[in-house]
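What follows draws every value from the coordinates through simple rules; no lab data is involved. A quick note: this is a predicted structure, and the numbers were derived from the prediction, not measured. For neighbour counting, all protein chains shown are included, and Cβ atoms are generated from backbone atoms with ideal geometry for every residue, glycine included.
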Amino acid sequence: MTTVDKPSVETLVAELLSQQWVIDLFTELAGRQAQSLAVSGLVRERAASNHVFWPFHAPQFPLVVEEASGCRITDIDGNTYLDSHLGFGSQALFGHAPARVVEFVRDQLAITSGNGYLNPIEQKLVDLLGGFLPHAEKFAFLNSGTDATNAAIRLTRAHTGKRLVAKFEGALHGVHDIAAHNTAFWYHGHPVQPFPEIGPDGIAPLPALTGVAPLPPTELLVLPNDLDVAIALIEKHRGELACVLGEAVSSSFPYPEHTVPLIKAVAERCQALRVPFVLDEVLTGFRYGPSGAAGYFGIPADLYTYGKVVTGLGLPLSVIGGKAEILDHMQTSGLPLTDLGRKTCVQTTHAGNHLSLAASYASLSLLQEAGPAYYERTRAKVGRVRSRLADFRAETGIPLRLMGFGDFIGSFGFVAEESYADYREFAEAVNPIGLFFLTLMLRQRGVYTLSLPMFFTGDAHSESDVDELLTAVTDSALELDKHGFPFVLP
Amino acid sequence: MTSMNELIADLFSQQWVIDLLTELAERQRGSLALTEQVRPNSAGGHVFMPFHAPQFPLAVVEASGSRLTDIDGNSYLDVHLGFGGQSLFGHNPPEVVEFVRSQLGVVNSGNGYLNPIELKLVEVLRDLVPHNEKFAFLNSGTDATNAAIRLARAHTGRRLVAKFEGCWHGVHDIAAHNTSFLAHGHPRLRPFPEISPDRGVTPEVGFKGAVSNDILVLPHDTTLALALIEKHRDELACVLGEVASQSVPFTEHNVPRILEVAHRCKALGVPFVLDEVLTGFRFGAAGAAARFNIPTDLICYGKVVSGLGVGLSVVAGRAELIDRMQTTGLGLGDIGQKTFVQNTHSGNHLALAASYAALRKLRDEGEPFYDRTRAKVHSLQSRLAEFREETSIPLRLLGFGEFCGTFGFVAEDSYADYREFAGAVNALGSVMLTLQLRRRGVYTFSMPMFYTGDAHSDADIDEVHTAVTESAQEMEKHGFPFVLPPTT
């Protein structure tokens, strides 16, 4: 295993930060974002949770946003940006505040019932979801993607009476204790911090988050992104497994050509072994067509989890769908006495509240109306970006690529190869300093992303928006090249 | 177990009960049809929550102040108020609705950005709960208690979490243990677990599929609880406590205990987490922590901290602990140093806006809000005392924090012992009272909860009083057993 020498990255950063062009960039951003910096400084002292203060992602020059419409955001200093981040992709279907979603939610305001009652919208939303996701028999509404994967674990444990959960190395399933293990490489600092050993019982459980102790092998089995090894481990532990958790493709390993065949084979083997398989579609749901990766690739699962674009206007809503016999573990039998010892509880006071249901229903209704043409438009835009970048690479030799999937969830970045078959090899190829600089140079050019040069799209961006983005990203790369930026790390 | 089942079977074969159920089934025809349509397709709604299992769930099409209109056109006085989530000002207070409406449209930045409203909300919180240095916004009370545990573990490097028997801290794995007696069937269907002086109360899972790790369950006995905390002081990441909950509603007994435990934790250097999901902004605007002067490291808020039912919770307290979830400012510096409890939509713009508008209104109302609420509850409780005197029906309004409570039938005014109280609660009485209230146009969910604040006018309170006393009298007329025979 090769590791990058830690001091060398730090030396590189220190060296870069002393260069005049970097000082100029920082000075310019600090000047144009003066009020954002002042307000975020005040908030930072008193409130820890805002996305601009997230650990591990650590955005530089956080933006305070006052207006957001379509793909345009306006900050508190009056700067306007083309937004390619779109709320971690949550607003990527139609951009910020789609008029009809706003109207629908506005109509519900002052009338409907908050939380804790049955609202007729729930049935409408369920009907809509049933149409999109015919592979799910039943649904439940929670607040976050983390809630959904956590509930899936609880439900499969309740269903099987077993406690071992298997997850893949590098897969991002949220922030709960199981998800905190062997998650995306950047949380762990891999490969500067060496990857854990792959032993006969999988990869040693390694939490990335403080406050989480490594789970015992009776509770967590970490699978490598290697089909034969993963399947052998699942077979070996079939008698102990409550579930296997997987995603079709992940932002930490964005190559569906490698990950989809692996996850599909694993899902099929789980089905044969009668081990519940949970497909995490928080990122891929309603991408790859309205039925998500499950429908597009035919991946069989017992439970599916949805987040991100399943909701509207940024309101919290997540969905867990799948087999009724598993979801029924969280639903009352109808009488409290018969629930005792038989049921589990994963619901919370405000989960499935009326405004979240309304926003989700209105947004997904728009997606339904848009039909297959929506996905064709998106694919065409992304296809154009990719071919323009291929031309750019051929002309300049700069390894600027758009890595992504699901038409479209992705990130711009500098990596030498078109595709990586090995997760750990990809982690080593990523140039985090390049991502950092590209984010800030895009900001300078009026394109907003949070802390990584993410690109989420859909109907949020027009053709000319995409052109604007392309110009900004290629100009940024050219400027980096001009200053001798090391695109590919040794 | 048989005796309880026999009691139920006997009750449900009586004509007056059959008549009641028939009447409700008739007037809620549309609600029942919709419920049956949703039930096979959707498991998550509150009307399908396990252990609470409301009978005759209501589909609500309109909610304003203290009034609900169901899909059949019936109107109800609501004393449930969204699990108390709407109990400050009732449903859809115009000022909150207007403010949220003004934030919809192009000014809505959704999730994932810093919106200037966050700073305004922080300023209101600083005014209302000044004992907290720093705040973090999450979605649910469960998120908040779970995050508090994670932060305390990150801060101390220790694992063990202590909680009190019977306290409801949400639905995560630790909260799933030895929670409200109702979720376990204690004591009539299943005896309480053993209490050992070394290991505390034997951990017991209430929610199937939850995993038991690193948990110490404390009994409601101050001496024993303190001895257990001292014994495990070097393993404890935190002690989680609350001053009152529906299953532990007697503050006269709980507050002195929690106060002593919190002080001892402070002396021992064990972080103490006060769960104020239920009590926050009750007991006066600053909550139980300030009212009773409880020293804490972290405090969790939920329920009324949010507005319009949009999910928002808060974990707050010492900056030193809260900072474990905030970036150092550089990604590289966070690795191995930080934890992560936030999620994509937590602290979204509209949730912050609704919370800000509701709490700003609470701040503006000031102390008179609490005076009014106290007066209403006092009037209700004193009228119930007279009713008991006149009728000998043990109808009581148990509750705290002016006001989160439940109507019910228990022999005594107060119970010093949690397990004894659990044995005294007549769950069947709760179910029947809920349905009798429904018939009289008063809505509660599955138990005769009573949350109030400015949600209810004095006339509303009179209406509740009439409905609850008439219900009790009708039950008495049919020979309903208000006090169950003691468990052996």
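Miscellaneous remarks
- Amide N proximity, the stretch B:136-173 versus B:Glu320 label position 7 Å along Cα-to-Cβ, cut-off under 19 Å: B:136, B:148-160
- Dividing the summed helix terms, -39500 (n - 2.57) for each DSSP H run of n ≥ 4, by the number of residues in chain B produces a 222 nm estimate of -12500 deg cm²/dmol to the nearest 500.
- Temperature 4 °C, viscosity 1.567 mPa s: under these conditions the Stokes-Einstein estimate for the protein assembly as shown, based on its Kirkwood radius over C-alpha pairs, is 45 µm² per second.
- For A:Leu164, distant residues with modelled amide H under 5 Å away: A:Ala242
- Mean Kyte hydropathy of 0.0 or more with a Cα span along the axis of at least 24 Å, helices from DSSP in chain A: A:256-273
- Gained length - A:Leu12 relative to A:Asp201, 0.36 nm times residue gap less alpha-carbon distance: 64.3 nm
- Computed from the Cβ-Cβ distance with R0 of 25 Å, the FRET efficiency linking B:Asp413 to B:Met4 stands at 0.50.
- For B:Arg199, B:Arg383, B:Arg257, order by how many other beta-carbon atoms lie within 10 Å, fewest first: B:Arg199, B:Arg383, B:Arg257
- Spacing of the modelled spin labels on A:Gln20 and A:Leu470, each 7 Å from Cα toward Cβ, amounts to 3.4 nm.
- Computed from the C-beta positions of B:Trp16 and A:Lys124, the FRET efficiency with R₀ = 35 Å rounds to 0.35.
- Bridge type composition, the stretch A:99-370 - antiparallel percent by DSSP, nearest 5: 50
- Pair-distance distribution of the stretch A:130-177: all C-alpha pairs, bin width 5 Å, starting at 0; shares per bin in whole percent are 5, 16, 22, 24, 23, 9, 2.
- The length gained by stretching the chain between B:Ser212 and B:Glu194 to full extension, at 0.36 nm per residue less their Cα-Cα distance, is 4.8 nm.
- For chain A, radius of gyration divided by Kirkwood radius, i.e. Rg to Rh on alpha-carbons: 0.96
- If a spin label sat at a point 7 angstrom from the Cα of B:Glu23 along the line to its beta carbon, the backbone N atoms of the stretch B:430-456 nearer than 17 Å would be those of B:431-444.
- Multiplying the residue separation of A:Ala30 and A:Ser462 by 0.36 nm and removing their Cα-Cα distance gives an extension gain of 152.6 nm.
- Alpha carbon centroid spacing (whole Å) that separates the stretch B:60-127 from the stretch A:143-210: 36
- Take the Cα of B:Ser102, step 7 Å toward its Cβ, do the same at A:Ala99, and the gap between the two points is 2.4 nm.
- Chymotrypsin sites (Phe, Trp or Tyr not before Pro) restricted to the stretch B:56-116 and DSSP loop, no more than 13 other C-beta within 10 Å: none
- Taking the DSSP beta bridges with both ends in the protein assembly as shown, the antiparallel portion is around 65 percent.
- Shape call, the stretch A:30-97: gyration tensor on alpha carbons, a/c limit 1.5: oblate
- B:Glu276, B:Glu123, A:Glu468 arranged by Cβ crowding within 10 Å, fewest neighbours leading: B:Glu123, A:Glu468, B:Glu276
- Residue order, fewest to most beta carbons within 10 Å, for A:Thr348, B:Thr223, B:Thr202, B:Thr406: B:Thr223, B:Thr202, B:Thr406, A:Thr348
- Spin-label model, B:Glu123 to A:Glu257: label points 7 Å out along the Cα-to-beta-carbon direction sit 5.5 nm apart.
- Each part reduced to its alpha carbon centroid, the stretch B:334-359 and the stretch B:392-422 end up 36 Å apart.
- Estimated from helices alone, the mean residue ellipticity of chain A at 222 nm is -13500 deg cm²/dmol (sum of -39500 (n - 2.57) over DSSP H runs with n ≥ 4, per residue).
- Loop sites in the stretch A:387-465: trypsin sites (Lys or Arg not before Pro), DSSP, at most 10 other Cβ within 10 Å: none
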